[in-house]
Amino acid sequence: MTAFYLWGAYGVTFVLLAAEIVFLARRVRHAQKADKVH
Amino acid sequence: MNTASRWFWFASPQTFFPLAGTVARWCAVAAALLAAAGLYVGLWLAPTDAQQGEVYRIIFIHVPAAWMSMFIYLVMAFWAAVGLAFNTRLSHMMARALAPTGALFTFIALWTGSLWGKPTWGTYWVWDARLTSELILLLLYLGFIALQASIDDTRRADRAGAVLAIVGAVNVPIIYYSVQWWNTLHQGASVSLTKAPSMAATMLGGMLLMALAFWLYSIAVSLVRVRCLILERE
(Lines give C-alpha, C1' and ligand atoms only; values in the text may rest on other atoms or scores of the structure.)
Protein backbone atom coordinates (compact mmCIF):
# COMPACT_ATOMS: atom_id res chain seq x y z
CA MET A 1 0.00 0.00 0.00
CA THR A 2 2.98 2.36 0.55
CA ALA A 3 3.57 2.41 -3.23
CA PHE A 4 -0.08 3.45 -3.78
CA TYR A 5 0.23 6.41 -1.41
CA LEU A 6 3.64 7.49 -2.75
CA TRP A 7 2.75 7.11 -6.44
CA GLY A 8 -0.65 8.68 -5.78
CA ALA A 9 1.04 11.73 -4.28
CA TYR A 10 4.02 12.11 -6.63
CA GLY A 11 2.17 10.96 -9.77
CA VAL A 12 -0.80 13.29 -9.38
CA THR A 13 1.47 16.21 -8.44
CA PHE A 14 3.66 15.91 -11.53
CA VAL A 15 0.70 15.20 -13.84
CA LEU A 16 -1.01 18.39 -12.58
CA LEU A 17 2.16 20.49 -12.94
CA ALA A 18 2.69 19.08 -16.47
CA ALA A 19 -0.97 19.84 -17.31
CA GLU A 20 -0.51 23.44 -16.16
CA ILE A 21 2.54 23.79 -18.44
CA VAL A 22 0.65 22.25 -21.43
CA PHE A 23 -2.40 24.53 -20.95
CA LEU A 24 -0.14 27.55 -20.51
CA ALA A 25 1.81 26.70 -23.69
CA ARG A 26 -1.50 26.50 -25.61
CA ARG A 27 -2.56 29.84 -24.17
CA VAL A 28 0.77 31.41 -25.20
CA ARG A 29 0.29 30.14 -28.78
CA HIS A 30 -3.28 31.51 -28.93
CA ALA A 31 -2.24 34.87 -27.47
CA GLN A 32 0.66 35.21 -29.93
CA LYS A 33 -1.60 34.25 -32.86
CA ALA A 34 -4.26 36.76 -31.81
CA ASP A 35 -1.60 39.45 -31.32
CA LYS A 36 -0.28 38.89 -34.88
CA VAL A 37 -3.83 39.18 -36.30
CA HIS A 38 -4.31 42.56 -34.53
CA MET B 1 18.13 56.50 -14.69
CA ASN B 2 18.08 56.01 -10.89
CA THR B 3 16.87 52.81 -9.20
CA ALA B 4 13.41 54.16 -8.28
CA SER B 5 12.78 55.37 -11.85
CA ARG B 6 13.85 51.95 -13.20
CA TRP B 7 11.23 50.20 -11.02
CA PHE B 8 8.52 52.53 -12.30
CA TRP B 9 9.78 51.98 -15.86
CA PHE B 10 9.19 48.21 -15.42
CA ALA B 11 5.67 48.90 -14.08
CA SER B 12 4.62 49.45 -17.67
CA PRO B 13 3.33 46.15 -19.20
CA GLN B 14 5.17 46.84 -22.48
CA THR B 15 8.58 47.23 -20.83
CA PHE B 16 7.93 44.39 -18.37
CA PHE B 17 7.03 41.94 -21.19
CA PRO B 18 10.60 41.11 -22.42
CA LEU B 19 12.01 41.11 -18.87
CA ALA B 20 9.33 38.60 -17.78
CA GLY B 21 10.27 36.32 -20.68
CA THR B 22 13.96 36.28 -19.74
CA VAL B 23 13.33 35.78 -16.00
CA ALA B 24 10.76 33.02 -16.70
CA ARG B 25 13.23 31.07 -18.85
CA TRP B 26 15.98 31.17 -16.20
CA CYS B 27 13.55 30.29 -13.40
CA ALA B 28 12.15 27.34 -15.40
CA VAL B 29 15.63 25.89 -15.97
CA ALA B 30 16.63 26.42 -12.32
CA ALA B 31 13.32 24.88 -11.12
CA ALA B 32 13.87 21.74 -13.24
CA LEU B 33 17.45 21.30 -11.94
CA LEU B 34 16.46 21.90 -8.31
CA ALA B 35 13.46 19.53 -8.61
CA ALA B 36 15.75 16.80 -9.99
CA ALA B 37 18.20 17.38 -7.10
CA GLY B 38 15.36 17.51 -4.55
CA LEU B 39 13.82 14.27 -5.82
CA TYR B 40 17.22 12.57 -5.78
CA VAL B 41 17.84 13.63 -2.16
CA GLY B 42 14.26 12.94 -1.07
CA LEU B 43 13.71 9.59 -2.76
CA TRP B 44 17.23 8.08 -2.67
CA LEU B 45 19.52 9.79 -0.16
CA ALA B 46 17.12 10.53 2.71
CA PRO B 47 16.90 7.64 5.20
CA THR B 48 13.72 5.68 5.87
CA ASP B 49 11.73 7.07 8.80
CA ALA B 50 11.88 4.86 11.89
CA GLN B 51 8.14 5.24 12.66
CA GLN B 52 6.43 5.88 9.32
CA GLY B 53 8.63 3.87 6.96
CA GLU B 54 8.78 5.00 3.32
CA VAL B 55 5.43 6.78 3.22
CA TYR B 56 6.89 9.84 5.00
CA ARG B 57 8.58 10.71 1.65
CA ILE B 58 5.32 12.46 0.73
CA ILE B 59 6.74 15.26 2.93
CA PHE B 60 9.03 16.32 0.04
CA ILE B 61 6.07 17.54 -1.99
CA HIS B 62 3.41 18.05 0.70
CA VAL B 63 5.24 20.63 2.83
CA PRO B 64 6.71 22.69 -0.08
CA ALA B 65 3.28 22.71 -1.78
CA ALA B 66 1.61 23.86 1.47
CA TRP B 67 4.21 26.63 1.91
CA MET B 68 3.70 27.76 -1.70
CA SER B 69 -0.09 27.75 -1.33
CA MET B 70 0.15 30.29 1.52
CA PHE B 71 3.04 32.31 0.12
CA ILE B 72 1.46 32.71 -3.33
CA TYR B 73 -1.79 33.90 -1.72
CA LEU B 74 0.09 36.59 0.23
CA VAL B 75 1.96 37.71 -2.91
CA MET B 76 -1.35 37.73 -4.84
CA ALA B 77 -3.00 39.84 -2.11
CA PHE B 78 0.02 42.19 -2.13
CA TRP B 79 -0.23 42.81 -5.90
CA ALA B 80 -4.00 43.14 -5.62
CA ALA B 81 -3.55 45.79 -2.90
CA VAL B 82 -0.93 47.65 -4.97
CA GLY B 83 -3.27 47.55 -7.98
CA LEU B 84 -6.19 48.81 -5.91
CA ALA B 85 -4.15 51.60 -4.29
CA PHE B 86 -2.22 52.87 -7.34
CA ASN B 87 -4.52 51.67 -10.15
CA THR B 88 -1.62 49.97 -11.95
CA ARG B 89 -2.60 47.51 -14.67
CA LEU B 90 0.45 45.27 -14.26
CA SER B 91 -0.21 44.72 -10.52
CA HIS B 92 -3.70 43.39 -11.25
CA MET B 93 -2.30 41.18 -14.00
CA MET B 94 0.30 39.78 -11.55
CA ALA B 95 -2.45 38.97 -9.02
CA ARG B 96 -4.55 37.29 -11.72
CA ALA B 97 -1.55 35.31 -13.04
CA LEU B 98 -0.68 33.92 -9.60
CA ALA B 99 -4.14 32.57 -8.73
CA PRO B 100 -4.21 29.34 -10.86
CA THR B 101 -0.75 28.27 -9.65
CA GLY B 102 -1.71 29.06 -6.05
CA ALA B 103 -4.90 27.01 -6.41
CA LEU B 104 -2.90 24.15 -7.92
CA PHE B 105 -0.42 24.06 -5.02
CA THR B 106 -3.28 24.25 -2.50
CA PHE B 107 -4.94 21.27 -4.16
CA ILE B 108 -1.60 19.38 -4.22
CA ALA B 109 -1.09 20.13 -0.50
CA LEU B 110 -4.59 18.81 0.30
CA TRP B 111 -4.27 15.79 -1.99
CA THR B 112 -0.83 14.69 -0.78
CA GLY B 113 -1.82 15.41 2.83
CA SER B 114 -4.83 13.18 2.40
CA LEU B 115 -2.69 10.35 0.98
CA TRP B 116 -0.27 10.79 3.88
CA GLY B 117 -3.07 10.96 6.42
CA LYS B 118 -4.55 7.56 5.57
CA PRO B 119 -1.52 5.41 6.57
CA THR B 120 -0.49 7.64 9.49
CA TRP B 121 -3.82 8.83 11.00
CA GLY B 122 -6.07 6.10 9.60
CA THR B 123 -8.22 8.53 7.59
CA TYR B 124 -7.98 10.52 4.34
CA TRP B 125 -9.79 13.54 5.78
CA VAL B 126 -10.73 15.02 9.12
CA TRP B 127 -12.38 18.41 9.81
CA ASP B 128 -9.28 19.54 11.64
CA ALA B 129 -8.45 23.29 11.89
CA ARG B 130 -5.37 23.04 9.63
CA LEU B 131 -7.08 20.95 6.94
CA THR B 132 -10.29 22.99 6.99
CA SER B 133 -8.49 26.35 6.78
CA GLU B 134 -6.37 25.02 3.88
CA LEU B 135 -9.58 23.91 2.13
CA ILE B 136 -10.97 27.44 2.67
CA LEU B 137 -7.79 28.75 0.98
CA LEU B 138 -8.55 26.58 -2.07
CA LEU B 139 -12.11 27.96 -2.13
CA LEU B 140 -10.72 31.52 -1.90
CA TYR B 141 -8.45 30.91 -4.90
CA LEU B 142 -11.33 29.37 -6.88
CA GLY B 143 -13.63 32.22 -5.81
CA PHE B 144 -11.05 34.78 -6.97
CA ILE B 145 -10.69 33.06 -10.38
CA ALA B 146 -14.47 32.63 -10.78
CA LEU B 147 -15.24 36.22 -9.73
CA GLN B 148 -12.79 37.69 -12.24
CA ALA B 149 -14.03 35.38 -14.99
CA SER B 150 -17.67 36.35 -14.34
CA ILE B 151 -17.16 40.11 -14.90
CA ASP B 152 -16.66 41.21 -18.53
CA ASP B 153 -15.18 44.64 -17.76
CA THR B 154 -11.54 43.88 -16.86
CA ARG B 155 -11.12 47.00 -14.68
CA ARG B 156 -14.17 46.10 -12.56
CA ALA B 157 -13.11 42.43 -12.50
CA ASP B 158 -9.64 43.42 -11.27
CA ARG B 159 -11.03 45.63 -8.50
CA ALA B 160 -13.59 43.04 -7.34
CA GLY B 161 -10.94 40.29 -7.33
CA ALA B 162 -8.53 42.56 -5.44
CA VAL B 163 -11.04 43.12 -2.62
CA LEU B 164 -11.60 39.36 -2.30
CA ALA B 165 -7.84 38.65 -2.36
CA ILE B 166 -7.14 41.24 0.37
CA VAL B 167 -10.00 40.13 2.64
CA GLY B 168 -9.05 36.46 2.15
CA ALA B 169 -5.44 37.11 3.24
CA VAL B 170 -6.67 36.90 6.86
CA ASN B 171 -6.97 33.13 6.31
CA VAL B 172 -3.19 32.67 5.81
CA PRO B 173 -2.13 33.35 9.44
CA ILE B 174 -5.11 31.24 10.53
CA ILE B 175 -3.71 28.29 8.51
CA TYR B 176 -0.18 28.85 9.82
CA TYR B 177 -1.10 29.19 13.50
CA SER B 178 -4.06 26.74 13.47
CA VAL B 179 -1.88 23.97 14.93
CA GLN B 180 -1.02 26.23 17.89
CA TRP B 181 -4.41 27.90 18.41
CA TRP B 182 -6.49 24.71 18.29
CA ASN B 183 -6.04 21.11 19.34
CA THR B 184 -5.44 19.51 15.94
CA LEU B 185 -4.65 16.07 14.56
CA HIS B 186 -2.18 17.74 12.18
CA GLN B 187 1.33 17.91 13.62
CA GLY B 188 3.04 21.20 14.49
CA ALA B 189 5.67 22.87 12.30
CA SER B 190 8.77 20.70 11.69
CA VAL B 191 10.74 23.70 10.42
CA SER B 192 10.80 27.06 12.16
CA LEU B 193 12.97 30.17 11.81
CA THR B 194 13.34 30.39 15.59
CA LYS B 195 13.94 26.70 16.50
CA ALA B 196 16.32 23.97 15.34
CA PRO B 197 14.68 21.57 12.82
CA SER B 198 13.23 18.36 14.28
CA MET B 199 14.34 16.21 11.31
CA ALA B 200 17.52 14.75 9.82
CA ALA B 201 19.68 17.12 7.75
CA THR B 202 19.18 15.08 4.52
CA MET B 203 15.40 15.18 4.96
CA LEU B 204 15.49 18.94 5.57
CA GLY B 205 17.84 19.44 2.59
CA GLY B 206 15.53 17.52 0.23
CA MET B 207 12.51 19.47 1.46
CA LEU B 208 14.23 22.84 1.02
CA LEU B 209 15.43 21.91 -2.47
CA MET B 210 11.87 20.98 -3.47
CA ALA B 211 10.52 24.18 -1.88
CA LEU B 212 13.01 26.23 -3.90
CA ALA B 213 12.08 24.30 -7.08
CA PHE B 214 8.34 24.93 -6.49
CA TRP B 215 9.07 28.60 -5.78
CA LEU B 216 11.02 29.07 -9.03
CA TYR B 217 8.39 27.05 -10.95
CA SER B 218 5.69 29.39 -9.61
CA ILE B 219 7.67 32.46 -10.69
CA ALA B 220 8.24 30.99 -14.17
CA VAL B 221 4.63 29.99 -14.90
CA SER B 222 3.21 33.18 -13.36
CA LEU B 223 5.48 35.35 -15.52
CA VAL B 224 4.52 33.40 -18.65
CA ARG B 225 0.85 33.90 -17.68
CA VAL B 226 1.44 37.63 -17.16
CA ARG B 227 2.93 37.79 -20.67
CA CYS B 228 -0.24 36.13 -22.02
CA LEU B 229 -2.40 38.66 -20.15
CA ILE B 230 -0.34 41.54 -21.56
CA LEU B 231 -0.79 40.18 -25.10
CA GLU B 232 -4.52 39.59 -24.55
CA ARG B 233 -5.25 42.96 -22.92
CA GLU B 234 -2.86 45.56 -24.29
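The values are calculated or read from the model by the stated rules, or taken from the named source; none is laboratory data. Computed from a predicted model, the values in this text were never measured in an experiment. Cβ placement follows ideal geometry from the backbone for every residue including glycine, while neighbour counts extend to all protein chains displayed.
Residues that are out of contact with any strand residue (DSSP E or B) (no Cβ under 7 Å at 6 or more places or on another chain), facing another protein chain (nearest Cβ under 10 Å), surrounded by 22 or more Cβ atoms within 10 Å (Cβ to Cβ) and modelled with pLDDT under 95 do occur in the range B:41-49, at least one of them.
Restricting attention to the range B:120-130, the residues that are within 13 Å of chain A (Cβ to nearest Cβ) and within 18 Å of A:Val12 (Cα to Cα) add up to 1.
Within the range A:5-38, being among the aromatic types (Phe, Trp, Tyr) and within 8 Å of chain B (Cβ to nearest Cβ) holds for A:Tyr5, A:Tyr10. If you scan the range B:56-86, which residues turn out to be under 19 Å from B:Val226 (Cα atoms) and not small (Gly, Ala, Ser)? Once the filter is applied, which keeps residues that are under 19 Å from B:Val226 (Cα atoms) and not small (Gly, Ala, Ser), the range B:56-86 yields B:Met68, B:Phe71, B:Ile72, B:Tyr73, B:Leu74, B:Val75, B:Met76, B:Phe78, B:Trp79, B:Val82, B:Leu84, B:Phe86. In the set B:Gly117, B:Gly102, only one residue is more than 17 Å from the chain's Cα centre (by Cα) and within 14 Å of chain A (Cβ to nearest Cβ); that residue is B:Gly117. Screening B:Phe8 against (1) buried (at least 22 other Cβ atoms within 10 Å of the Cβ); (2) modelled with pLDDT under 90 leaves a single unmet condition, (1).
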